[in-house]
Structure formats: structure tokens, C-alpha cells
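Trainee: Below: one structure in C-alpha cells.
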Amino acid sequence: MNPRYLLPLLTLMVGLVPLLLPPYYVTLLNYIGLYTLVVLGLVLLTGIGGMTSFGQAAFVGLGAYTSAYLTTSELPDWLAWAGASPWLALLLGVLLTVAVALLLGALTLRLSGHYLPLGTIAWGLSLYYLFGTLESLGGHTGVSGLPSISLFGVLLDKGEKIFYLIWAVLLLAIVITQNLLNSREGRAIRALKGGQVMAESMGVNTLRSKMLIFVLSAVFAAVSGWLYAHTQRFVNPTPFGLGMGIDYLFMALIGGVASVWGALLGSGIVTLLKQALQDGLPSLMGSQGNYETIAFGLLIVLLMQRAPGGLWPMLLRFVPARFKARPLLSLDTNITPLPRRALPEHGRQILEARGVTRCFGGLVANNDMSLQVHSGEILALIGPNGAGKSTLFNQLSGVDTPTSGEVLFMGQRINGLSSRHVARMGLSRTFQHVKLLPEMSVLENVALGAHLRGRHGMVAAALHLERREEARLLNEARQQLERVGLGDCLYEPAGSLALGQQRILEIARALCADPCLLLLDEPAAGLRLKEKEALGLLLSRLRSEGMAILLVEHDMDFVMGLVDRVVVMEFGQRIAQGLPEEMQSNPAVLEAYLGGVE
Ligand code: ADP
Ligand code: MG
């Protein structure tokens, strides 16, 4: 996703710029650096996590005001230590931001659809007015006389000096963000866009993932605010209002909301554009009226029309492939494999549905359904479209909760438990409507299935301290992909596979979880004959290893040659069950399938 020379190139530029450019441009670059830090958080939150926030400017304000207050006011004795240096104020500012973000996140992140952005507007406005109202923060006039930051005894009191700090912090944030995204925790975050149902079924705690990027993006914003405050040495509420919150979003969208480098490009373009309009337009149109705001708005609309996915992805299309980074994944095929779960002894009952009923309003999608699956057995669930098969899968896997009845997995009642919990117990599934992340590589999509088999979290990921575990997870994904016959397309985007292969990818992902029960919803749909045969062989092999498999399938030839037993459903009810051969001549089944032609 990123050209590989960018980070060293940027580091070099950062070193040289203040020596080569006049102070005016250094100041401009300081602003670009400060904005990019905030936008980087938005890339995580909005571009990658799918949550739109208008409120980032308020977190910038939180960082700025905390430090402004602590370094300029008469502090009570117990707090006096924090006023001694901007660095201590930064520490407190970040802690406060984490606390506020956790609180606001708990209140708003559960909201869905339009309510979430509206929620961010609400708290963005509240914090903004809080800054303007509090007497101790100087009201609308703000706070002045902030000290400069000093680093290793050097006072960063000039634009050219603080430039290095701003850009060093930004580079660090870029590295942290890239490391994080390129990890188990990062895959869980990226999975948010593939829908919560899929992510939770792979064992991802989606609320936790959301909270993580919410807090991290707030911390980036607060650090930007701290740097801003001590660059300006003065703060007032204006730059932390909703208008600026919207500008940050513009920057993210224009650069390319899902890419780390898009953040830099977007902030750069918006800042330079604004500056050029402010400098140029008054001399053309007279200084009456805010023509620059109007022109800026029009340009933004134009940019969004011409490059709806942002400028960065558009630029990348022109970069020759050899300059683009190979995926940052290094596959170590000699590494110790992940430990495996001991499968239950052959023939043991793994899953039981007892009188499961699920009503949607007046519609009874599952009506008193009962079935059992044993280890070392393939059970087929068949029935006409709309019979309620997928609904039953959802009841069995914790995606949904039955209206009445019981589901027992490994002897434990699981209805009411989350799909995440059920996944941890050893149930893994695929979906009738394929749920994967089309832009993520095949390998990483499958590695998501192994989420529960890793344990390192955000901090280890950001610092790349979990490389060994990560290599084991990726190696597991590779092995499962080779096992299902997709070993040749590890690095291709999952969305480029044919639909049939995407189904197979989902099976590899499910296997990565090391389950004892597999639920496959129409795994053979869209496969060619040869691929079906290969799938049949794979499922037989899994069965002989002791796996329990429950599958929904329409292709009767496939089912009849493969499975041990069949359960037939119609109108939400079980109408027959038995051996495959028996079902072929069962009058109720023929009636359901052929409308009673016999
Ligand atoms: P199958 O997988 O056997 O084709 P489904 O389980 O998808 O059937 O659907 C069974 C019935 O339940 C259908 O009539 C479908 O419209 C209905 N249904 C499924 N999910 C929902 C839902 N979330 N809300 C309302 N109706 C639903
Ligand atoms: Mg279905």
C-alpha cells in the first residue's frame, strides 16, 4: 500500500528543510506537521475503522489547554510538580485525554449509522464551549505566556527549532500507526469495515478495537495540541471548534482517508491551498468579503468530485509497481507452528439444537428445530430457499439468540453467549454471503481467523515487539491457504478472487481458528466441478481428523457423495432426517423439493 522509500525520504527532508527554506515556509510546514498528526488519527478512525468523527479538534484543544493551564497558572500544591515543565504537562494532558476519550467513547461508540458522527459533533461542541467558558482558561481571550519546550537543554523557541520536534513526533506517529496496522491487532481494527458480525465471529472484540483507535486518535490530536500551544505560546478556543473539526475531515478525505501517507498529502494540500487563497485572492478581488472561503469550498467540492477516493490512491496508480512496497509481511516457514486444540474423541456429540425457535415479528424463521452433530461427522442441512437454514446457523454460532429453545455446544448451553465467546470455545464458521475485506491480502484475511490464537496487543504491535507471534500467525494462515488450494495467491487482494475462491478463503479463515466444529453455509456455491471435488476431499480429510462439520448445500450430488447424515428443513421446521440415500426417496423431502411431482 505504500511506496517503500517514503519514510527514509521524508526523514531526510525533515533534516534538511529548516536549513534550506526561509522561515515563512518552515512555519507553514510546522502547521502541516501539526495537522497531519491529527489527520493520522482520523485515518485510523474514519478511513480504517469506518467511524466518522467531527470532534477531533476538541481533543487538540484538550491537549493544548491542559498544558496552557498547567504551565501558566498558580497551581495547588499537590499539582505544582506538573507546571514545572511542558513535558510533565504533556504527560498529564495525554492521561486526561485518554480518560476523556474512554468516557466519550463509552457513550458514543455504540451508536451506529448517522448517530455516531452526530455524537462526535455534540461532544466536540461541548468541549469547545467548555474552553471558552471556564474562567480559569481565560474565557474567549484564552491563555498567553506559555513557555517554550526545551529538549536536551535546547530551548525550542523558534519555528525552525520546534520544527524538528513536530516532525520527529509525526514520524514516530507514522511508524507507530503503520506497525499497528500491520499486526494482529491491526487486522482486528481493519476488520471493523468488514462488518461486526464477521469480526466478532472471528473472535474480535469489536467494541474494544473501536475504543482502541478512538483513544489513539484522541492522543495523536492531544499531542498535536500540546505542540501547537507551545509553538504559538498562546491558546484561545477558536482553533478547536467544529469548523476546524470539519477541516481535519476534509484533509483526510482529500488525501485519501484510508492511507497513512494520504494524511500528509491531504493536510499539505489543504494548508497550502488555504494559504495561497488567503495571500492571493484579496489582491485580485479586493479585501472586502471572504472570497477565499468561497473559493476554498468550491475547490474542495471539485477535488472530491475528481478524486472521490482521495488523491493518494490516485497518485499511487501512476507509481510503477517496482517502487511499491511488497507487503510488509515476512513469511518464515520454519517457525514453530501454533499449538493445536485436542479434538474430542470420535463420535462424541459436539453440538445440539433443542427445539430452537426464532421469530422475526410474525415470521417464524426457525420452528422447534432440533439436530445433533458429532465429531468425525459431516451433517448436511438442506432445504429450499427461505427454509431458515442460515437463520439456524446464526442461532448456533452466537450471531443471534433463539426466541426459545436451547443450543448446547460441547455440553454447555450457549444461547445468549456472544459469537466471540462461542468462537473461543471452538466453533468457526463461514457465511452464505461472503464476508471478507476485499482490499486486504488473502493471507491477512485468513490470518484474521487466527485472532484468538495470538495475545499481543496494541503496545507490542506499535513497537513491533510481537514479530515472533505475528510470524506464527501468518505462517498458520499460509498453511491453511495451502491446505485449501489457495497457496498461490497469498498476496493478492481478496476481492480479486472469483466468488467460489472467496468461499474457499473463508474456509481457510475458519480453519485458522483451530476449531472442533465447522459451520459452512453453502461452501460449494459458485465452484467448478474440479474445485468441488477438491473441497469434498478436504472436508473428508477434516472429518477423518475428527472435526465435526455442519454444512448447508444445494448441490445434491455434492452432498450425497460426501455427508454422513442429512437434516431437511422446510418453512423453518425439520421435515426429515437420516442417511443421504434415505432422503432421496423420502416422500416429504421430494414434496418439498419437487412440489409433489412424484
Ligand atoms: P435459507 O438460508 O434457508 O435460505 P434464511 O434463514 O436466510 O433461509 O431465511 C429464512 C426466513 O427468515 C426468510 O423468510 C427470511 O426472509 C427470514 N429472515 C432471515 N433473517 C431475517 C431477519 N433478520 N429479519 C427478518 N426476517 C429474516
Ligand atoms: Mg441461506
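The values are calculated or read from the model by the stated rules, or taken from the named source; none is laboratory data. As the structure is a prediction and not an experimental result, all values here were calculated from the model. Note that each Cβ is placed from the backbone with ideal geometry, even for glycine, and that neighbours are counted across all protein chains shown. With ligands, DNA and RNA removed, areas are computed over all heavy atoms of the protein, side chains included. Shrake-Rupley method; radii C 1.70, N 1.55, O 1.52, S 1.80 Å.
Trainee: Counting just the residues of the stretch 404-429 that are basic (Lys, Arg) and touching an Asp or Glu at 6+ places or on another chain (Cβ under 9 Å), which one comes out surrounded by the fewest Cβ atoms within 10 Å (Cβ to Cβ)?
Mentor: Filtering the stretch 404-429 for residues basic (Lys, Arg) gives 413, 420, 424, 429.
Right, trim to touching an Asp or Glu at 6+ places or on another chain (Cβ under 9 Å) and you get 413, 420, 429.
On the way: ARG413: 12, ARG420: 18, ARG429: 28.
Checking each candidate, the answer is ARG413.
Trainee: List every residue pair whose Cβ atoms sit under 6 Å apart, with the two residues 6 or more apart in sequence or on different chains, where the first one lies in the stretch 543-559 and is more than 14 Å from GLY383 (Cβ to Cβ) and the second, anywhere, is within 16 Å of ligand 2 (Cβ to nearest atom).
Mentor: That search, which allows pairs on different chains as well, returns PHE558/ALA524.
Trainee: Search the stretch 384-398 for residues being open to solvent by 30 Å² or more (accessible area, probe 1.4 Å) and either assigned by TED's automatic domain parsing to the domain that holds GLY203 or closer than 11 Å to LEU519 by Cβ (or both), and hand back the single one that is nearest to ligand 1 (Cβ to nearest atom).
Mentor: Here the residue is SER390.
Trainee: Check off (1) within 13 Å of ligand 1 (Cβ to nearest atom); (2) within 27 Å of ASP555 (Cβ to Cβ) for THR401 and give me the number that stays unchecked.
Mentor: (2)
Trainee: Mind checking which pairs have a first residue in the stretch 376-393 that is more than 20 Å from GLY355 (Cβ to Cβ) and a second that is open to solvent by 30 Å² or more (accessible area, probe 1.4 Å) and more than 8 Å from ligand 2 (Cβ to nearest atom), Cβ under 6 Å, 6 or more apart or different chains?
Mentor: Listed pairs, sorted by first residue: GLY376/HIS346; GLY376/ARG543; GLU377/ASP564; ILE378/ARG543; ILE378/ASP564.
Trainee: What number goes with the only condition from (1) closer than 22 Å to GLY578 by Cα; (2) surrounded by fewer than 18 Cβ atoms within 10 Å (Cβ to Cβ) that THR401 does not pass?
Mentor: (1)
Trainee: In addition: For GLN232, only one of the following conditions fails: (1) closer than 15 Å to VAL60 by Cβ; (2) among the polar types (S, T, N, Q); (3) open to solvent by less than 50 Å² (accessible area, probe 1.4 Å). What is its number?
Mentor: (3)
Trainee: Here's a follow-up. Scanning for something at pLDDT 90 or above and β-branched (Val, Ile, Thr), does the stretch 239-253 turn up at least one residue?
Mentor: Checked the stretch 239-253: at least one residue is at pLDDT 90 or above and β-branched (Val, Ile, Thr).
Trainee: Before we move on, is LEU165 open to solvent by 40 Å² or more (accessible area, probe 1.4 Å) and either in contact (Cβ under 8 Å) with a residue 12 or more places away in the chain or closer than 18 Å to SER224 by Cα (or both)? If you could, list the steps in order and put the result at the bottom.
Mentor: Numbers: open to solvent by 40 Å² or more (accessible area, probe 1.4 Å): no; either in contact (Cβ under 8 Å) with a residue 12 or more places away in the chain or closer than 18 Å to SER224 by Cα (or both): yes.
So LEU165 fails the test.
Trainee: Test GLY487 against the stated conditions and say whether it is touching a helix residue (DSSP H, G or I) at 6+ places or on another chain (Cβ under 7 Å) and either within 16 Å of ligand 2 (Cβ to nearest atom) or not assigned by TED's automatic domain parsing to the domain that holds GLN372 (or both).
Mentor: On the way: touching a helix residue (DSSP H, G or I) at 6+ places or on another chain (Cβ under 7 Å): yes; either within 16 Å of ligand 2 (Cβ to nearest atom) or not assigned by TED's automatic domain parsing to the domain that holds GLN372 (or both): no.
Spelling it out, it is not the case that GLY487 is touching a helix residue (DSSP H, G or I) at 6+ places or on another chain (Cβ under 7 Å) and either within 16 Å of ligand 2 (Cβ to nearest atom) or not assigned by TED's automatic domain parsing to the domain that holds GLN372 (or both).
Trainee: So which helices (runs of 4 or more DSSP H) stay within the stretch 145-221 end to end and still have 1 or more residues that are more than 28 Å from LEU29 (Cβ to Cβ)?
Mentor: Working: elements: 159-181, 184-191, 196-201.
Qualifying helices (runs of 4 or more DSSP H): 184-191, 196-201.
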